[in-house]
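K.L.:
Here it is, the structure in full.
Only the coordinates and a few stated rules stand behind these numbers; no lab work does. These numbers come from a predicted model, not from an experiment. Glycine also receives a Cβ, built like all others from the backbone with ideal geometry; neighbour counts cover every protein chain displayed.
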Amino acid sequence: MKAALTDARSAGTGSRSHAHIAEKRLRVVVVTAAVGEGHMAAARALASDLLATHDDTEVVVCDALAGLGPLLRLILCDAYRWQLRFAPWLFGVLYAIASRFSSLRRGGALGLAALGSRSLLRLVLSHRPDVVVSTYPAATSVLGRLRKRGELRVPVLATITDLGGVAFWADGGIDLHLVMHKSCLEEVERVAGPGRAQAVQPLVAAPFRQPLTRTQARHLLDLPPTGAVVVVSGGGWGAGDLKGAVAAALSLGEAHVVCVTGRNDAARKRLQRRFESEPRVRMVGFTERMRELLAAADVLVHTTGGVTCLEAWVAGCPAIAYGAPPGHAPRLARALAAAGLAEHARTRRELTWALARAVAGIDSGGAEPTASPTAASLVLAAAASSRRANRGAVAAVPTRAAVLPGAIAEAALESAAAS
C-alpha cells in the first residue's frame, strides 16, 4: 500500500472505503510551526523518513499556531519576529530572565496551556493519531501537559534540534525527547526525568546524506570551480551579523561568498545595496538548494546555530558560529563548539582567522554522526506499540512505561541490523 503524506487541511476527507484503508495504516501526527525555518524543516525531514521507512504509514503535518489560536500566534510568531528584526535586545533580555528563573518558565507553560490546550487538543484528536510528534517547543509544552493529565491518550514524542538551551524544549509530560546529540541528554533528563531522552541521527532531509562532490555542486550553482567559497546564513529569518560575516569572508582575497537571508527580504535588499559593487558576493533569499550550497562551500558561517548547522554536520561541511543575535543563539553557538560541531568566533577578527583555517583545510568539520536510531524508527515503534495496546480496548491508555522502552529496543535493533 502506498504511504501518504497528508496536509492537515485535507485530512479526514474521502469515502468510507478510503477511511477503512486509512485505519489500517499507522497514523502519525506531526505538530510544527513556521517560526523561523528549522521547526518546519525538521517536520518535513521526519515525515519523509517515516514514509520511506514504513509503507503503511499516514503522516499528517499540523500547524501548531493554527491549533494554539490567534492570540498565541501573535505572541509566539509575530511578536518574536518583530523583536528579532527591530528590537533584538528586548528578546535577549526576556530570554535571559526566563533562563535564570525556572518559575517564570513554569508560569509561561501554564499560560500556554490555559490559552491553547483546548484548541490544540481538538486539532490533534481530529486526525485520530497512533502517536503525536512535536517539533516546536511551545506545542511540546502544551502537548506534555495534555498527556500528563491523561487527555491525550497516545504516546507523545518531541524532537529537539537545538543543542543549547534545551530546557526550553523539554517537558515532563512528553514520553520521549529525541535529541540530535548525546551532549543534550543530561539537561533534558533534568527537566523531563530519567529515561525521557534518546539521541537519534540528526534530523535532516535525505539529500544531505547523499554524496555530492564540490565540483558537481559548484557546476549546478554556477560557482567558480576553483578557489574558496563561503556560505553565510542567518537562518530562516535572516538574523544576526550577516554584513560582518560577508565582509570577513571577502577579506580572504579571492573567496566567493553566498549569503542566505532566508525570508528576510529587507535584509537581502539592504545587503545587496551594501555589496552591490562586489562581484564575488551573491545574495540569496529563502532557498531549497542548501544541499548544493553546503557541498560547494569550503565553510559555512551561521549566525543562529539552527538546523542548517545539523545539515552541515551531516554533509561534512565545516561550520563557524558567528554574529549571533541576542537570546538563545549565543548559547547555541557555545553548545555547537563544545560538541565539536562548529568553531565559535566571538569577534570579526576571530572569524577571519577561523575562515582562513577552514579554507586552508586545517579545520575539517565535526566528527561523523554516531550510530544511533533514527527518529522515524522510534516514532514508528511507539505508534505500533500504541496500536497494539489499544487493539480491542479503545478506552485503554497505553502508558509510557509499557510503550516507550519497547519502542526504543525495537528501533535500536532495527538500527543495528541496518548498519
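K.L.:
Once you charge only the Cβ atoms, +1 for Lys and Arg and -1 for Asp and Glu, what is the size of the charge dipole of the chain about its Cα centre, to the nearest 20 debye?
P.N.:
1120 debye
K.L.:
With a 10 Å Cβ neighbour count serving as the proxy for reagent exposure, in which order, fewest first, do M290, M180, M283 appear?
P.N.:
Ranked by crowding around the Cβ, least crowded first: M283, M290, M180.
K.L.:
Next question. Kindly put F168, F86 in sequence by how many other C-beta atoms sit within 10 Å of each C-beta, fewest to most.
P.N.:
F86, F168
K.L.:
Among S277, S48, what is the fewest-to-most ranking by other Cβ atoms within 10 Å?
P.N.:
Fewest to most other Cβ atoms nearby, the residues stand as S277, S48.
K.L.:
Over the Cα atoms of region 136-282, Rg to Rh with Kirkwood Rh, two decimal places?
P.N.:
Radius of gyration over Kirkwood radius for region 136-282 works out to 1.13.
K.L.:
What net charge do the residues around T161 carry, taking every other residue with its C-beta under 15 Å from that of T161, with Lys and Arg at +1 and Asp and Glu at -1?
P.N.:
-2
K.L.:
Report the net charge of residues surrounding L220, where surrounding means a beta-carbon distance below 9 angstrom and charges are Lys +1, Arg +1, Asp -1, Glu -1.
P.N.:
In short, 0.
K.L.:
While we're looking at this one, here's another question. Taking the convex hull of the Cα atoms, report for the chain its projected area averaged over all directions, in nm².
P.N.:
With every direction weighted equally, the projected area is 20.2 nm².
K.L.:
Still on this structure, I have one more. I'd like to know which of T352, V30, P207 lies farthest towards the positive end of the charge dipole of the chain, counting +1 on Cβ of Lys and Arg and -1 on Cβ of Asp and Glu.
P.N.:
Checking the options against the dipole of the chain, the answer is V30.
K.L.:
Here is a follow-up. Under 10 Å, Cα contacts only: if you run a Gaussian network model on the chain, which one of D78, D56, D175 comes out with the highest mean-square fluctuation?
P.N.:
Its mean-square fluctuation being the largest, the pick is D78.
K.L.:
For A338 paired with R270, estimate the spin-label separation in nm (one decimal), with each label point 7 Å from Cα along the Cα-to-Cβ line.
P.N.:
Spacing of the two 7 Å Cα→Cβ label points: 3.1 nm.
K.L.:
Based on the mean of other beta carbon atoms within 10 Å per residue, what is the order of 219-226, 139-146, most packed first?
P.N.:
Order by mean packing, descending: 139-146, 219-226.
K.L.:
May I ask for the net charge around H39, where only other residues with Cβ less than 11 Å from the Cβ of H39 are counted and Lys, Arg are +1 while Asp, Glu are -1?
P.N.:
Neighbourhood net charge equals -2.
K.L.:
If only Cα atoms are counted, what is the Rg of region 211-359, and what is its Dmax, in Å?
P.N.:
My reading of the Cα-based Rg and Dmax gives 13.7, 39 Å.
K.L.:
A follow-up question, please. Using the Cα centre of region 67-174 as the reference point, and only Cβ charges (+1 on K/R, -1 on D/E), how large is the resulting charge dipole? Debye, rounded to the nearest 20.
P.N.:
Charge dipole, region 67-174, about its Cα centre: 260 debye, nearest 20.
K.L.:
Would you work out the relative contact order for the chain, in percent, from Cα pairs under 8 angstrom that are 6 or more residues apart?
P.N.:
Worked out over the chain, it gives 16 percent.
K.L.:
Pull out the extension gain between W353 and E254, defined as 0.36 nm times the separation in residues minus the alpha carbon to alpha carbon distance; nm, one decimal.
P.N.:
Full extension from W353 to E254 adds 34.1 nm.
K.L.:
Hey, another quick one. Under a point spin-label approximation (7 Å from Cα along Cα-to-Cβ), what is the R100-E278 distance to one decimal in nm?
P.N.:
3.7 nm
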